[in-house]
Amino acid sequence: MLSDEQKRYQANIELYHSKRPVISNSIKAFVIGGGICAFGQFLSNFYMTFFPLSQKEAMSPTLATLILLAALLTGFGVYDKISQFAGAGSLVPVTGFSNAMTSSALEHKSEGLVFGIGANMFKLTGAVIAFGVLSAYAVGLTRLLVQMLIR
């Protein structure tokens, strides 16, 4: 429970906080995030149309292209401007991950290739990679155990 003094403090502090434009931020995130996803679908269709690739085979070049474009846009400072405008909409998993790795690498490039870029590139994304590998292992092991029990 909050004391009376804490309640008065909370009420007083609310007067000085600016109102967040939640609706407009949500619309921006939806439009930009959807635009990135639509561009990814366009790339996938492009690879399926102009190369003899199935939908499953077109995923790899599509993801590689999105990662490369996000890294280049981060390097040129464009992705940061998109992120400032779109907020969470620019965190579409592949491009957001590429942006996080590239920005960490650029931040530490003055320290050299190994101790700067190599050592610091995974500062922001290392936990995501570790959690992804551990989760994939757990899901694979669970599936194996379920299949062994069904047989």
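Read the figures in this text as sums done on the coordinates, not as results from a lab. It should be emphasised that the depicted structure is a prediction, and the values quoted were computed from it without experimental measurement. As a convention, Cβ positions derive from the backbone with ideal geometry for all residues, glycine included, and neighbour counts pool all protein chains shown.
Each Lys and Arg Cβ is given +1 and each Asp and Glu Cβ -1; about its Cα centre, the chain then shows a dipole of about 300 debye.
Take the Cα radius of gyration of the chain and divide it by 2.2 N^0.38 Å, N being the number of residues; the result is 1.47. Relative to the longest principal axis of the C-alpha atoms of the chain, give the angle of the C-alpha long axis of helix 4-16, reported between 0 and 90° and rounded to the nearest 10°. Tilt relative to the chain: about 70 degrees. The alpha carbon convex hull volume per residue for region 1-41 rounds to 90 Å³. For a paramagnetic label modelled on Leu53 (point 7 Å from Cα along Cα→Cβ), amide N atoms under 17 Å away belong, within region 93-131, to 94-95. Only lysine pairs 8 or more places apart or on separate chains count here, and in region 1-90 those with Cα atoms under 24 Å apart total 4.
Size descriptors for region 16-89, from the alpha-carbon set: Rg then Dmax equal 15.9, 60 Å. In terms of other Cβ atoms within 10 Å, Ile36, Ile13 run from fewest to most in the order Ile13, Ile36.
A simple spin-label model places pseudo-atoms 7 Å from Cα toward Cβ; at Phe46 and Lys19 they are separated by 4.2 nm. Of the residues Ile129, Leu2, Cys37, the one whose Cα sits farthest toward the positive end of the charge dipole of the chain, with +1 on the Cβ of Lys and Arg and -1 on the Cβ of Asp and Glu, is Cys37.
Subtracting the Cα-Cα distance of Ala127 and Ile150 from their residue separation scaled by 0.36 nm leaves 4.9 nm.
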